[in-house]
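S.K.: Sending over a structure as structure tokens; questions will come in a sec.
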Amino acid sequence: MAQARMAQGSTAQNSTAQGSTAQGWHVDVAGAQAVVERTARAGTTAQAAALDVDRALQAVVGSLAGTASAGAAQSFRAARRDDAPAVVRGVVAAVTAAAAVADAVAEADAEMADRTTAAGSSRGAGVR
Amino acid sequence: MTATLIDEPALPDVRPVAGAVVDGADALRNATAGLRAAAHDAGRTWSGIDAVLRSPGATDALPRAMDAPVATADGLASAGAAVAAALETFADQVTTVRRRRRALLADIEELRARVSASGGNDTVPVEHRADNDELHGRARRLRSRWAQAQDDLNGVFRARSGSGGLFLPGLGGGTAPPLVMVDLAGVARGFDDALRLPLLRQLAARGPEALGRWAAEHPHEAARLLDHPPAARTVAAWWDGLGTDERTALVTGFSAVVGNLEGVRYADRARANRHTLEVELPRARARYAALSADIARSRPLSAAERAEYTLLAERVGALAALDRTLRASTAAAPRTVVALTLGSPPLAAVAVGDLDTASRITVAVPGMGNTVAGDIEAWTAGAGNLREAQRSAADRLGVDRDVATVAWIGYDTPDMPPSVEVLGSRKAAAGAVRLRSFLEGASGTRGWPAGAHLAVVAHSYGTTTATLAVAQTPVADLTLLASAGIDPSVPDARAVEVPRGHVWASQADRDFVANVGRGSVELPLPTAGDASAPDRVTVADLASTHRLDPRAPGWRARIFSSDDEVIEGRSFRGSDGHAATPAAEAALRGEPGKDVGYLDRGTSSLRNTAYTSLGFTPGGRKIP
């Protein structure tokens, strides 16, 4: 329901995009929310895959027990074990960074809301 | 020429099983490929961020934020695929070496049998030396092949261990940090919250007019703040960080939201709702009068106008009732509206006492037929009676008397009979969602641990609603008066999030209505004995979806009396029927009134409920 509302809201909001672009900033809340949510979902999938990677690395090491390759396999695992969590951390960091800049974006949005409304625009109080 | 008779130790020791190696290879290839696919999915999605979220200086690095994870996933998948291929080759070698080893071992055993038959031992007779040498040669080649297979595999491991990794064969794999599971959906919600609340603050800095304009032009956003609000604790922290002017701007410019936003200080919610009331009541009255005039002039109303007229009648009634309710506020029992929505029906909650400072908050949940327009005054009177009784009890018990109660008509209660709504659980379930939000909001606003310092007192169908709510949201104490029945999804007191021993139930002997909600129509039997406690006969059985009586032993609530009682030398009246506040209602009408109900002054039920809602037995013992 909320998404539907946001989508409806964004249609009107997009109509003011030109004005906002001229200022160098732009925010389409519905669009940004959709990007963040879809990215978060992909991140959740990546998180599950990261667990699979860890289990697979463990399985490889286990399958080579008693060979001269066991040590090499363990070293490979040690070297690569943080790659998958790093991918997940990267996704989390991106989404978190988006939240961190929301403050600045909101400030710009509020300025636009104030200005466009004061100018008697019928297109909406800011690109939001 | 080798003089020593060949034996099995000359053969390579091949412990791996090819199948397990192949399985490991498959798992590694698939898992790393899956991770790469997810990372690319995230990267593709993220590539659109610049088109929807851009603020020079703040978002410059944002579009590139996914580059590193995608590159890492690519590198890992590439390494995974290479290692998997090497493992498959190695598995082939395992198969081959094992097969050749078996054949060689058979030949060795055959030779050793021949040597033994010829009377030799580990010294090889001359006639067998050529065969022995040939077998030694085959064993040497097999060992060499096996060593090469492992070396080849090691080389791939080494090459694919990443440029940054230090390759130290034999090191354990436990040095990397473990994967910390992250609630990414929660992170996404955090983004949403982060964008909404700062926007409001910035708008507030420009004054209530800017907020009002924004709210008018973004009704969906405003509604979403109530339908899908940020966490109360998040809101509380944000609200605390606002300046006085910003708060005031939000209170007056965004009152419909701020008055209901869990996490906002209750005093400010009250100011916001007061503002809503003062703005909306005259507005609704004027519009209602205009439509009434049209009707008087026989101008036919359109369908939309008829709907509006009905809505306005409800709204005017509700706001006027709230206005009267607030006029009865006193310094000793201050009343504030802490929730107000003007939908159909209008819903509201009136606090008696200070919710921002009270050491305990008790939420009173009403039953069927209660509306803001028709009942908020009496229900608030009942909540006020309860607070008064709690303070009196607190004095006797030696506990903090700074308590508050809430007359919560926060849900669409079932219509009175002949409607059969009261026999179903649908409205209770919907009400439970709203009640949970209010209770959790109180915890978040006050910074209390979930359930601590919160009590619920419910009457009639309110018990159906309340039990569904506290089955999921904890409270410290639960008192169920005149229950119209508990839904089977709450089979007993163990199914609610209330500490053991803190769930109470009561019904007066002269109450012949509560049981109707449970599906049992009962009548008093003519009796020559005690008329205050008549015997009953069941005359009809109705199809109620919530038939459980919380007083039944199997439901495991504790019981107290709602009948005539003498407690510590003082007489208390029993409830004369099912109603909660008939005496208060009569007083509001300016009539003397004869009957008393569960939450009327001087009743045993009010007195006992005061104790149980403070966490004490009616006898005054602290419940552990």
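The values are calculated or read from the model by the stated rules, or taken from the named source; none is laboratory data. The structure displayed is predicted, hence computed values, not measured ones. Reconstructed Cβ throughout: ideal geometry from the backbone, glycine too, with neighbour counts over all protein chains shown. Ligands, DNA and RNA are excluded from the accessible area calculation, which covers all protein heavy atoms including side chains. Shrake-Rupley method; radii C 1.70, N 1.55, O 1.52, S 1.80 Å.
S.K.: Given +1 on the Cβ of Lys and Arg, -1 on the Cβ of Asp and Glu, and no further charges, what dipole in debye does chain B carry about its Cα centre, rounded to the nearest 20?
M.R.: For this selection, approximately 640 debye.
S.K.: Per residue of B:70-81, how many C-beta atoms from partner chains lie within 10 Å of its own C-beta, taken as a mean? Before the final figure, lay out the partial values.
M.R.: Values: counts 3, 2, 9, 11, 1, 3, 8, 2, 0, 4, 7, 0.
Other-chain Cβ atoms within 10 Å of each residue's Cβ, averaged: 4.
S.K.: Count charges around B:A552 for me, please; just the other residues with Cβ under 13 Å from its Cβ, Lys/Arg as +1, Asp/Glu as -1.
M.R.: +3
S.K.: Here is a follow-up. Provide the buried accessible surface between chains B and A in square angstrom, both chains summed, 1.4 Å probe, rounded to the nearest 100.
M.R.: The summed interface area works out to 7300 Å².
S.K.: What percent of all Cα-Cα pairs in the stretch B:1-149 falls in each 10 Å bin, counting up from 0?
M.R.: 11, 24, 17, 14, 11, 9, 7, 5, 3, 0
S.K.: In square nanometres, what is the average projected area of the Cα convex hull of the stretch B:303-393?
M.R.: Projected area, direction-averaged: 6.4 nm².
S.K.: Ranked from highest to lowest mean number of other Cβ atoms within 10 Å per residue, what is the order of the peptides B:560-571, B:434-445?
M.R.: Order by mean packing, descending: B:434-445, B:560-571.
S.K.: While we're on this one: Kirkwood Rh and Cα-based Rg: tell me the resulting Rg over Rh for the stretch B:431-496, rounded to two decimals.
M.R.: 0.96
S.K.: Something else about it: Percent of alpha carbon pairs in the stretch B:15-84 separated by more than 13 Å? Kindly include the intermediate steps, with their values, before the conclusion.
M.R.: Details: 1635 of 2415 pairs.
Tail of P(r) above 13 Å: 68 percent of Cα pairs.
S.K.: Sticking with this one: Once a ≥ b ≥ c are taken as the square roots of the eigenvalues of the Cα gyration tensor of the stretch B:189-249, is the result rounded (a/c under 1.5), prolate (a/b larger than b/c) or oblate (a/b not larger than b/c)?
M.R.: Oblate, since a/c reaches 1.5 and b/c is not below a/b.
S.K.: In Å², what does the accessible area per residue of the protein assembly as shown work out to with a 1.4 Å probe?
M.R.: On the way: 31040 Å² over 752 residues.
For the protein assembly as shown, the per-residue accessible area is 41 Å².
S.K.: Sticking with this structure for a sec: Which order do the peptides A:69-81, B:223-235 come out in when sorted by mean C-beta neighbours inside 10 angstrom, highest first?
M.R.: A:69-81, B:223-235
S.K.: Taking a cut-off of 27 Å, what percent of all Cα-Cα pairs in the stretch B:453-591 are separated by more than that?
M.R.: 25
S.K.: Ok, one more. Got the relative contact order for the stretch B:525-624 handy, in percent, Cα pairs under 8 Å and 6 or more residues apart?
M.R.: 18
S.K.: Could you tell me which of B:G602, A:V87, B:T380 has its Cα farthest along the dipole of the protein assembly as shown towards the positive end, charges placed at Cβ (Lys, Arg +1; Asp, Glu -1), taken about the Cα centre?
M.R.: Projecting each Cα onto the dipole axis, the largest value belongs to A:V87.
S.K.: What per residue convex hull volume, in Å³, comes out for the stretch B:416-527 when only alpha-carbon positions are used?
M.R.: Here the figure is 105 Å³ per residue.
S.K.: Residues with amide H under 5 Å of B:A557's amide H, sequence separation 5 or more or different chain, H placed in the peptide plane at 1.01 Å from N; which?
M.R.: Residues meeting the criterion, in which the H sits 1.01 Å from N, are B:A493.
S.K.: May I ask you to derive the relative contact order of chain B, considering only C-alpha pairs under 8 Å and at least 6 residues apart, and to give it as an integer percent?
M.R.: 8
S.K.: Under the rule of -39500 (n - 2.57) per DSSP H run of 4 or more residues, summed and divided by the residues of the protein assembly as shown, what mean residue ellipticity at 222 nm is obtained, to the nearest 500 deg cm²/dmol? Can you show the working numbers first?
M.R.: Working: 23 runs with 417 residues, N = 752.
My calculation for the protein assembly as shown gives -19000 deg cm²/dmol from helical runs alone.
S.K.: Now for a different question. Could you list log10 I(q)/I(0) for the stretch B:245-309 at q = 0.12, 0.21, 0.24, 0.29 Å⁻¹, which the Debye formula gives when each Cα is one point scatterer?
M.R.: -0.45, -0.76, -0.87, -1.11
S.K.: Using a basic spin-label model with each label point 7 Å from the Cα along Cα→Cβ, how many nm lie between B:R102 and B:R536?
M.R.: Inter-label distance under the simple model: 8.1 nm.
S.K.: Please check the stretch B:185-199 for residues whose accessible area, probe 1.4 Å, is lower by 20 Å² or more when all protein chains are in place than in their chain alone.
M.R.: At a threshold of 20 Å² (probe 1.4 Å), the residues of the stretch B:185-199 that become less exposed are B:V187, B:A188, B:F191, B:D192, B:A194, B:L195, B:P198, B:L199.
S.K.: Can you give the mean number of other chain Cβ atoms that lie within 10 Å of the Cβ atoms in peptide B:239-246?
M.R.: Average neighbour count from other chains, rounded to a whole number: 0.
S.K.: Please provide three numbers in whole Å: the alpha-carbon extents of the stretch B:320-359 along the principal axes, with the largest listed first.
M.R.: 33, 21, 7
S.K.: In whole angstrom, how far apart do the alpha carbon centroids of the stretch A:57-83 and the stretch B:543-567 sit?
M.R.: 65
S.K.: State the Cα centre-to-centre distance between the stretch B:317-386 and the stretch B:456-507 in whole Å.
M.R.: Spelled out, the Cα-based centre of one part sits 21 Å from the other.
S.K.: Share of antiparallel DSSP beta bridges in the stretch B:322-453, in percent to the nearest 5?
M.R.: Here the share of antiparallel DSSP bridges comes out near 70 percent.
S.K.: How would you classify the stretch B:534-614 from its alpha-carbon gyration tensor, with a ≥ b ≥ c the square roots of the eigenvalues: rounded for a/c under 1.5, else prolate if a/b is greater than b/c, otherwise oblate?
M.R.: oblate
S.K.: So what is the relative contact order of the stretch A:43-87, in percent, for Cα pairs below 8 Å that sit 6 or more residues apart?
M.R.: About 52 percent, as a whole number.
S.K.: For chain B, list log₁₀ I(q)/I(0) at each q in 0.05, 0.07, 0.09, 0.12 Å⁻¹, using the Debye formula over Cα point scatterers of equal strength and ignoring solvent, two decimals each.
M.R.: Scattering profile of chain B, log10 relative to I(0): -0.42, -0.63, -0.83, -1.19.
S.K.: Starting from the Cα gyration tensor of the stretch B:360-446, take the square roots of the eigenvalues, sort them a ≥ b ≥ c, and report rounded, prolate or oblate (rounded when a/c is under 1.5, otherwise prolate if a/b is larger than b/c, else oblate).
M.R.: prolate
S.K.: In the calculated pair distance distribution of the protein assembly as shown, what percentage of Cα-Cα distances lie above 53 Å?
M.R.: That fraction is 36 percent.
S.K.: Another question, then. Can you compute log10 of I(q)/I(0) for the stretch B:300-344 with the Debye formula, treating each Cα as one identical point scatterer, at q = 0.25, 0.27 Å⁻¹?
M.R.: At q = 0.25, 0.27 Å⁻¹ the computed log10 ratios are -0.88, -0.95.
S.K.: Go through B:P488, B:L468, B:T445 and say which Cα lies farthest out towards the positive end of the charge dipole of the stretch B:415-512; charges sit on Cβ, +1 for Lys and Arg, -1 for Asp and Glu.
M.R.: B:T445
S.K.: What does the average come to when, for each residue of peptide B:213-219, you count the partner chain Cβ atoms lying within 10 Å of its Cβ?
M.R.: Mean partner-chain Cβ count within 10 Å for B:213-219: 6.
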